[in-house]
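Engineer: There's a structure below that I have some questions on.
The values are calculated or read from the model by the stated rules, or taken from the named source; none is laboratory data. Note that the structure is a prediction, hence the values are computed from the model and not measured. Every residue, glycine as well, gets a Cβ built from its backbone with ideal geometry; the counts of neighbours run over all protein chains shown.
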Amino acid sequence: MNTFSVNSLKILDESVENYINKYILKLDFLNQNESAKRGERLHAMISYYLSGFDITKIKNNMPKIEKEMLDRVLDCEIFKDREKFIKSEESFLVKCSGGGFDFYLTGRFDAIFQDGGKYVIYDWKSKNIPKNPDTRLQSIVYLYCASKIFKTQNISIRYISLENLESASADFLDEKGYFERILGIIEKLPKKYLT
Amino acid sequence: MIFYSTINSNKTDILVENYFRLINSGADPGEILVLVQNARKKKNFTEKIKLNSKTGSIGSLNVFSFFGLARNTLEKNWVLVENKIKQPGAGVFAHLCGLEVSQYIFKNCIKEIEFKGYNSKVNLLHQLFRRHSLIVQNALNKTDIEKRERVLNESYANEAREAINLYKLKTLEYRAFDYLRQVGIFEFLYKNTKNPYRYVILDDADEITPAVFEYLKTIKNDIKEFIIAQDPLGSSRLGYLSAAIVDFENFLGQKPVDLRENNEKLQCAKEVFNRIKDKKSVCPENTLIKSFIRRDEMIFDTVKEIKTLIKNGVKPSDIAVVTPVTDDYLRFCFKKIKQDVFFLSGSEKLNQNPLVATVIEILKLANIHDDVISPFILKSIAAEILKLAPDEVIELTGLYREANYIYKKGIKEFLREQNNQKIHDFLDFIETIKEKNLSGQLFEICCKYVEKSAENQSSILKINKLAKQINDFEDVFKNGFEKLNLIEQLQNTIISENPLSEDEIPQSSIIVASAQKLIDNEINVKHLFLLDCSNSDWIKQDIGMLYNSWVFQKSWSKSTFEANDNLELTLDRTARILYKLFLCSDEKKYIYSSIYDTLGVENFGAIDKFFKLEQDTKPSPKNKITPRDDQKPVLDYRGGKMAVSAVAGSGKTTIMLALILKLLEGSIIKDLKSENIFVLTFMESAARNFRERIKQNFPNLVELPQISTIHGLALKILKENNNYTFLNIDNDFEITDEIKRRELISTSVVNSGLDYDKTELYERAISDFKNSGAQFEKIKSPSFKRIYHTYNTLMKENNFLDYDDLLFYALKLLKSNSGVRLHYQNTCRVIIEDEAQDSSPAQQELISILGAKYGNIIRCGDVNQAITATFSNSDVKGFKKFIKENYNVEMNRSQRCGIKIIELANKTIDKAVKFAPDAFLNIKMQPVEGKNPANSDGAEFKLFDKSTDEKNYIVNEIRKIKSNYPDKSIALLLRSNWQVLSWAEFLEGQNIKTEKTTDTLNNNIVFRVTLAIFNFINDTKNKKNIKNSLETMLEIEQYRGEREILAEIEGKDFVSDYFSKYSLWWDLRYFLLKSTTNPLELIFEIGDYYFKNTLEFANVSMVYSVAQKILKTRSTFEELVERLNEISNRINKSVKFFTKDEEKTGTVSIMTLHKAKGDEFDFVFIPELTSENMGLKIDDIKLKKNTEIIESMKQNPKDGGTLKQEILEENYRLLYVGITRAKTKLVLSCAKSYKMFKKEKDMQPSEIFDTPEAK
């Protein structure tokens, strides 16, 4: 069954051919770039920290710049109130139905906190935060899925730049609009690829 | 809940139903652990959950393969592990790397540990890795391991322990964990973290490993419910793959629910299981059992059958082929099916894919300063990457060859000089990526030059595998490796099967897989072909020097390990594998086997014996043989020892065959099976002849008697059931052929400060010494001692055995291991030896041991034809003694030769009385009344003044015979190999077609043509080279009318299109352009184009194997071609080309007298019978210097007089052999002078010309 992530939807939205090459024919070249690796390391360290592991040894062995970034992030207000923390690095799979076919949306929340009745999904950005968080595809998919998972619409997504700690948020607004946007992208895919 | 289920019981669906039952009853998905055997099943299970789930979130799925569970646990809890590691270098992640990285680490660890006296350095890594794997998967602790070391009485236990410990430490240092290390750490983690699961769903419980079961035992008390699917007859992964047979009923205290449908399919599979366990054969329903002589016949029949099935509407995906030998030969032949064929297993190197190979070459180019590269690499880059036109490619390569060879120009400098924008862009590009790391370079090359098209899909998949490996290395070692070294290493790695991520199986392809792969992937088809069922690889014997898959099982409890344990346990696993395979087919099974493997070596010890057609139980031969009176006693044999003393042409082979057939019928010895009959021949060709004739008589006979040369038998004894491990020999031992052996000896000779030309001397001396069984210390000659020592060291380092070692070790094994000895003594109920006069003392000892229990020993030969004693270890005295002491059947009637020839043969025996009284036993040939050739031309002696007269006479005679008797066979028998070559050249020059019978590779047309094309490709500018190649190509029928091409190439460039009027030019050009492909694949292309009949095509794989062996140590096309040329004219008996048993008419057979033994021809010429070539008086015999030296190195050397006498005696017998080859006419000739080194030299005719007949 078709399963879409934010990335694959983005590529499908931009170019059906690229999507088919990358996700169906697997015609893509493996590549790793150093800045992505840095992001992964910081994501992992935050998650370790949130899960209660003692990260001192690893942190002390990190490159100075990364260690400083991590220290800065972990000094943020949000990490001080551990009671609000729910989960980190949480994968999700949400089954949807529309346009005459079923499909799954998948992804991973960097961290989930609960503040009062509200679920806040945190997303760490290696560099800059999005300029328009409300219309960002990631916000749409994450908020839509989170609403299905937590069975509430009292949700927001918060982007935090690991580089400069800037942040931007988007609240859950429009379930129908979200779904139409997602379905609109998926429907670009020729029918024969929709299994 | 325990379900007894098979792959046909919809068990996954039932487990998925239970998953939702748990969810619906309130379980959190995070509390349910689903365990399946492998990544593909994980995907399948997950898909089913996704399909059956209702809209909305399905929470976090915890579906893991057995290995994936360990990986996931490590990933989640990495910080715990990192905080425990003492070595510096903490990392945010563990490097969850592939096996390439861990093998690299392990390899370096081994360098630090000295394995004193270990036989093979080649295999050490592999063996240690397997040991490590067994320890991990069986969750063995220190005490468990020590216990097993004692059971096996291991001599390398300490070293192995040290190496594995060091390896484990190193992996910690690097934070590099392959899937086995992940499993190793898993135990620490689950014992030190909170178990998050409350429910366990376990699929494939019969294939669970002890390591995973230990985990389940630990968490058992936390688990509210276990839901387990198990096949009680499953556990196909027993042994090295470490499946454990777990009693879940006992574990859970619950009775299983049997979900298995009691249908015919299950009954059939169960019957197969039970019969195999009882060591009995079975004839399952809907099964076609076929046995072929050659493997190519089997494969071609399979291809034909599959084509027919598809034509009749069967979908490709309903067909699967299972074989343990997915080699290139099979791959190539399966291309002919013209359907998508997906190879689920089989080793393939990364650089076997042309696009990947070219990308790798560009990577290398980016990392060299300016070096010389092979013109073929340039050709690949120009054609595959830069997409230059074919003519441009040929021109560019030609120019580069010139620039390279003459001016030693580097590739980059050369390319810079070319006036081509594409090339300049390419050079600029190379410069821009230079500073990037390897993975970055690879990515850039792909983005620029590899098209993302569907046809490149599989290449891209492989490129990504390469990228993953490079990433692993960069992650683990940062920049601590040489880029070029790493590329060299990775390009030769076999694309490893990563148990955590397996390739997708296409939905519409025919699947070709190993048995285990088909089972693991639960591939269910309608038509299932089981191929190579006679190949012993079907029954993997997972024991080696440093690993023993049975003793290293968690469940092992015995205090000893015997040969029989291995047999029983292996049989159990085989039964389970075949049981599961039979469940994989819904309609028809095809069980195919062949007597020979692709290389012409006899198969043995596999699963074919378990499958027999009903009518096989009482076979009767197709052609009954009516014996003559003197032959009858042989067929009256009822048991015990019997000698058969048979003169030349007495029908010895026919009557021995009749005896074997009679034994097979079961009328002589009760309950005698094929496997109980051992037949030993002197030559491999004779063994093949016996096998093929038996097969023709009993076409349905699946298992043939054990027929082989002595070395073939010795090899079987060593290999069967991994017996070599009892001698501490590594399982990758290789038999050195004559060429390799000579190379090693010459290295030893030169290293000892002697001249290269002494090689031949020491070849013989080493063999003599090994056969004498004497100890090294006893060697008297210091130089021989040095050479012998160096040779042995080289052999051990490479884990080589020579032919003498084979016999020595087989004897040693039989003498020292009672289990193995008893096995063979019980099996060998009758032993028949052919050509017993040539038997060596070691061979005779082996026969005595094998035949000791039943005493049914039949030895057959002719002491008057013993012609190998002076240059081999044969000993005719043993056979003479056997004749004397036992019942002897004398077969002295021969219907082969005309009366006059018989008279001459008998007179030769009489003549020997004067000069060599011990040369013969006085057994005279008698004609068979009315049967011998009537033509009375008989024997003729011809003496000429000059050698040219002799030559002209023979040419004229041959022409006359060919014109008068075109259907008759003609042979020219000579004393030495060089005479054979010289006469062949002379006769060809006279336009007389010859067929040299030599054991050189060049004697085979497939080899010759392949080499001719390779030589042409290798250098298209060299006229002499082209001419030689063309001459060979013109031998091929389709070019017969194009001989003028030879005259026309003088003064013209062959690659220019002037020659386009010749089809040969077009074909050579095609191969020239094709030459960017892997040379091994090119061999198949050439073979497929020129050699359409299956017998010739079967020989293509022999040429392939020769080239493949060379490419192991030489990497470039040029080196390959150079080596092929070097060995083309050397004797090489280990390449067993298939030959047609055709009428020898139309050509003149030329061979040595020795080689002619066993053959017969209507007309025989034996020229150049000088006293030097055929000395028949003691004064004629001159001892060669080497003969004396070799003798002096022996323990009890003979004096010169004795040696001369022995040579004299053998000369008489050799002449006797030559005479008795002729059926109608024999010409013995000699000239009074011969040209030697461009000078005429007077010669004395041999003593045979001094007989009344000659005069």
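Engineer: Considering only residues that are of a type outside the set (S, T, N, Q) and touching a Lys or Arg at 6+ places or on another chain (Cβ under 9 Å), look in the stretch A:75-98 and name the one that is farthest from the other protein chains (Cβ to nearest Cβ).
Structural biologist: Among those residues, the one meeting the criterion is A:ILE78.
Engineer: Now a separate question. In the stretch B:873-907, which residues are over 29 Å from B:ARG829 (Cα atoms) and either within 34 Å of the chain's Cα centre (by Cα) or of a type outside the set (A, V, I, L, M, F, W, C) (or both)?
Structural biologist: Narrowing the stretch B:873-907 to residues over 29 Å from B:ARG829 (Cα atoms): B:893-907.
Selection gives B:ARG893, B:SER894, B:GLN895, B:ARG896, B:GLY898, B:LYS900, B:GLU903, B:ASN906, B:LYS907.
Engineer: Which numbered condition trips up A:GLN32, out of (1) more than 7 Å from every other protein chain (Cβ to nearest Cβ); (2) not in a helix (DSSP H, G or I)?
Structural biologist: With respect to (1) more than 7 Å from every other protein chain (Cβ to nearest Cβ); (2) not in a helix (DSSP H, G or I), A:GLN32 is out only on (1).
Engineer: How many residues are in a helix (DSSP H, G or I) and either farther than 18 Å from B:ILE368 by Cα or among the basic types (Lys, Arg) (or both) if we restrict to the stretch B:404-424? Spell out the reasoning first.
Structural biologist: Filtering the stretch B:404-424 down to residues in a helix (DSSP H, G or I) leaves B:404-407, B:411-416, B:421-424.
Those left that are additionally either farther than 18 Å from B:ILE368 by Cα or among the basic types (Lys, Arg) (or both): B:405-407, B:412, B:416, B:421-422.
Within the stretch B:404-424, residues that are in a helix (DSSP H, G or I) and either farther than 18 Å from B:ILE368 by Cα or among the basic types (Lys, Arg) (or both) number 7.
Engineer: Under the condition of being over 11 Å from the mean Cα position of the chain (by Cα) and touching a residue at least 60 places away in the same chain (Cβ under 8 Å), which residue from the stretch A:101-152 is farthest from the other protein chains (Cβ to nearest Cβ)?
Structural biologist: Here the answer is A:LYS127.
Engineer: Might you check whether a residue that is within 14 Å of chain A (Cβ to nearest Cβ) and out of contact with any Pro (no Cβ under 7 Å at 6 or more places or on another chain) occurs anywhere in the stretch B:98-108?
Structural biologist: First, the residues of the stretch B:98-108 that are within 14 Å of chain A (Cβ to nearest Cβ): B:98.
Going one step further and asking which of them are out of contact with any Pro (no Cβ under 7 Å at 6 or more places or on another chain), we end up with B:98.
Checked the stretch B:98-108: at least one residue is within 14 Å of chain A (Cβ to nearest Cβ) and out of contact with any Pro (no Cβ under 7 Å at 6 or more places or on another chain).
Engineer: Further question on the same structure: Can you pull out the residues in the stretch B:690-721 that are polar (S, T, N, Q) and out of contact with any helix residue (DSSP H, G or I) (no Cβ under 7 Å at 6 or more places or on another chain)? Even if it seems obvious, please write down each step before you answer.
Structural biologist: Pass one, the stretch B:690-721, residues polar (S, T, N, Q): B:696-697, B:700, B:706, B:708-709, B:721.
Of everything in the stretch B:690-721, just one residue is polar (S, T, N, Q) and out of contact with any helix residue (DSSP H, G or I) (no Cβ under 7 Å at 6 or more places or on another chain), namely B:GLN696.
Engineer: Quick check on my filter: what residues within the stretch A:35-47 are at the interface with chain B (Cβ under 7 Å from one of its Cβ atoms) and not basic (Lys, Arg)?
Structural biologist: So in the stretch A:35-47, the residues at the interface with chain B (Cβ under 7 Å from one of its Cβ atoms) come out as A:41, A:44-45.
A:ALA44, A:MET45 - these are the residues of the stretch A:35-47 that are at the interface with chain B (Cβ under 7 Å from one of its Cβ atoms) and not basic (Lys, Arg).
Engineer: Here is a follow-up. Does at least one position in the stretch B:126-138 carry a residue that is more than 26 Å from B:LYS217 (Cβ to Cβ), modelled with pLDDT under 95, under 29 Å from the mean Cα position of the chain (by Cα) and within 14 Å of another protein chain (Cβ to nearest Cβ)?
Structural biologist: no
Engineer: Report yes if B:ILE113 is crowded, with 19+ Cβ neighbours inside 10 Å, more than 12 Å from chain A (Cβ to nearest Cβ), out of contact with any Phe, Trp or Tyr (no Cβ under 7 Å at 6 or more places or on another chain) and closer than 19 Å to B:LEU166 by Cα, otherwise no. Spell out how you get there, then give the answer.
Structural biologist: Working: crowded, with 19+ Cβ neighbours inside 10 Å: yes; more than 12 Å from chain A (Cβ to nearest Cβ): yes; out of contact with any Phe, Trp or Tyr (no Cβ under 7 Å at 6 or more places or on another chain): yes; closer than 19 Å to B:LEU166 by Cα: yes.
The answer is yes for B:ILE113.
Per-residue answers, yes or no, for (1) of a type in the set (Val, Ile, Thr); (2) over 30 Å from A:ASN18 (Cα atoms); (3) in contact with a Gly (Cβ under 9 Å, 6 or more places away or on another chain); (4) more than 14 Å from every other protein chain (Cβ to nearest Cβ):
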residue	(1), (2), (3), (4)
B:PHE426	no, no, no, yes
B:PHE429	no, no, no, yes
B:LEU438	no, no, no, no
B:LEU442	no, no, no, no
B:ALA454	no, no, no, no
B:ILE460	yes, no, no, no
B:GLN469	no, no, yes, no
B:PHE481	no, yes, no, yes
B:LEU486	no, yes, no, yes
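Engineer: Which one is surrounded by the most Cβ atoms within 10 Å (Cβ to Cβ), of the residues in the stretch B:57-76 that are facing another protein chain (nearest Cβ under 8 Å) and assigned to a loop (DSSP other than H, G, I, E, B)?
Structural biologist: Once the filter is applied, the top-ranked residue is B:ILE58.
Engineer: Please pick out the residue among B:LYS54, B:LYS48 that is of a type in the set (D, E, K, R), closer than 27 Å to A:PHE101 by Cα and facing another protein chain (nearest Cβ under 9 Å). Talk me through it step by step, then tell me what you get.
Structural biologist: Working: B:LYS48 fails: facing another protein chain (nearest Cβ under 9 Å).
Just one listed residue meets the conditions, B:LYS54.
Engineer: Between B:ILE847, B:ILE883, B:ILE831, which is touching an Asp or Glu at 6+ places or on another chain (Cβ under 8 Å), aliphatic (A, V, I, L, M), under 30 Å from B:ARG628 (Cα atoms) and touching a residue at least 60 places away in the same chain (Cβ under 8 Å)? Walk me through it before giving the result.
Structural biologist: Values: B:ILE883 fails: touching an Asp or Glu at 6+ places or on another chain (Cβ under 8 Å); B:ILE831 fails: touching an Asp or Glu at 6+ places or on another chain (Cβ under 8 Å).
Residue meeting the stated conditions: B:ILE847.
Engineer: Working only within the stretch A:140-195, note down all residues that are surrounded by 15 or more Cβ atoms within 10 Å (Cβ to Cβ) and hydroxyl-bearing (Ser, Thr, Tyr).
Structural biologist: Correct list: A:TYR142, A:TYR144, A:SER147, A:SER156, A:TYR159, A:SER161, A:SER167, A:SER169, A:TYR178.
Engineer: Something else about it: If you go through the stretch B:1231-1255 one residue at a time, how many are under 47 Å from the mean Cα position of the chain (by Cα) and more than 26 Å from B:ASP918 (Cβ to Cβ)?
Structural biologist: Residues that pass the stated criteria total 5.
Engineer: Another one. Taking the stretch A:48-66 as the search range and keeping residues that are within 11 Å of chain B (Cβ to nearest Cβ) and of a type in the set (D, E, K, R), which one is farthest from the chain's Cα centre (by Cα)?
Structural biologist: Among those residues, the one meeting the criterion is A:LYS57.
Engineer: Which condition number in (1) farther than 21 Å from A:PHE103 by Cβ; (2) within 14 Å of chain A (Cβ to nearest Cβ); (3) under 50 Å from the mean Cα position of the chain (by Cα); (4) not in a strand (DSSP E or B) is the one that B:GLY30 fails?
Structural biologist: (3)
Engineer: Next up: Tell me which residues, restricted to the stretch B:1161-1195, are over 39 Å from the mean Cα position of the chain (by Cα) and surrounded by fewer than 18 Cβ atoms within 10 Å (Cβ to Cβ).
Structural biologist: Of everything in the stretch B:1161-1195, those that are over 39 Å from the mean Cα position of the chain (by Cα) and surrounded by fewer than 18 Cβ atoms within 10 Å (Cβ to Cβ) turn out to be B:GLU1172, B:LYS1177, B:ILE1178, B:ASP1179, B:LYS1182, B:LEU1183.
Engineer: Looking at this structure, is B:LEU754 in a loop (DSSP other than H, G, I, E, B) and either among the small types (Gly, Ala, Ser) or not assigned by TED's automatic domain parsing to the domain that holds B:SER818 (or both)? Step through it out loud before you land on a result.
Structural biologist: Numbers: in a loop (DSSP other than H, G, I, E, B): yes; either among the small types (Gly, Ala, Ser) or not assigned by TED's automatic domain parsing to the domain that holds B:SER818 (or both): yes.
So B:LEU754 fits the description; yes.
Engineer: While we're here: Out of everything in the stretch B:815-848 that is part of a helix (DSSP H, G or I) and among the β-branched types (Val, Ile, Thr), what residue ends up being surrounded by the fewest Cβ atoms within 10 Å (Cβ to Cβ)?
Structural biologist: Kept after step one, since they are part of a helix (DSSP H, G or I), are these residues of the stretch B:815-848: B:815-816, B:818-827, B:836-838, B:841-848.
After this cut, where a residue has to be among the β-branched types (Val, Ile, Thr) as well, the list is B:820, B:827, B:847.
Details: B:VAL820: 23, B:THR827: 17, B:ILE847: 24.
Among them, the one singled out is B:THR827.
Engineer: Which residue, of B:VAL92, B:VAL136, is within 30 Å of A:LEU50 (Cβ to Cβ), of a type in the set (Val, Ile, Thr) and buried (at least 18 other Cβ atoms within 10 Å of the Cβ)? Can you show your working first?
Structural biologist: On the way: B:VAL136 fails: within 30 Å of A:LEU50 (Cβ to Cβ).
Within the list B:VAL92, B:VAL136, the selection yields B:VAL92.
Engineer: Something else now. Within the stretch B:12-19, can one find any residue that is within 13 Å of chain A (Cβ to nearest Cβ) and out of contact with any Cys (no Cβ under 6 Å at 6 or more places or on another chain)? Steps first, please.
Structural biologist: Filtering the stretch B:12-19 down to residues within 13 Å of chain A (Cβ to nearest Cβ) leaves none.
No, the stretch B:12-19 contains no residue that is within 13 Å of chain A (Cβ to nearest Cβ) and out of contact with any Cys (no Cβ under 6 Å at 6 or more places or on another chain).
Engineer: Shifting gears a bit: Please work out if A:GLU66 is surrounded by fewer than 16 Cβ atoms within 10 Å (Cβ to Cβ) and assigned to a helix (DSSP H, G or I). Outline the logic, then answer.
Structural biologist: On the way: surrounded by fewer than 16 Cβ atoms within 10 Å (Cβ to Cβ): no; assigned to a helix (DSSP H, G or I): yes.
In short, no.
Engineer: Something else now. Are any of the residues in the stretch B:893-913 in contact with a Gly (Cβ under 8 Å, 6 or more places away or on another chain), part of a strand (DSSP E or B), modelled with pLDDT of 90 or more and crowded, with 21+ Cβ neighbours inside 10 Å?
Structural biologist: Yes, the stretch B:893-913 contains a residue that is in contact with a Gly (Cβ under 8 Å, 6 or more places away or on another chain), part of a strand (DSSP E or B), modelled with pLDDT of 90 or more and crowded, with 21+ Cβ neighbours inside 10 Å.
Engineer: Sticking with this one: For the structure I just gave you, tell me whether B:LYS1140 is assigned to a helix (DSSP H, G or I), surrounded by fewer than 14 Cβ atoms within 10 Å (Cβ to Cβ) and modelled with pLDDT under 85. Can you show your working first?
Structural biologist: Working: assigned to a helix (DSSP H, G or I): no; surrounded by fewer than 14 Cβ atoms within 10 Å (Cβ to Cβ): yes; modelled with pLDDT under 85: yes.
Spelling it out, it is not the case that B:LYS1140 is assigned to a helix (DSSP H, G or I), surrounded by fewer than 14 Cβ atoms within 10 Å (Cβ to Cβ) and modelled with pLDDT under 85.
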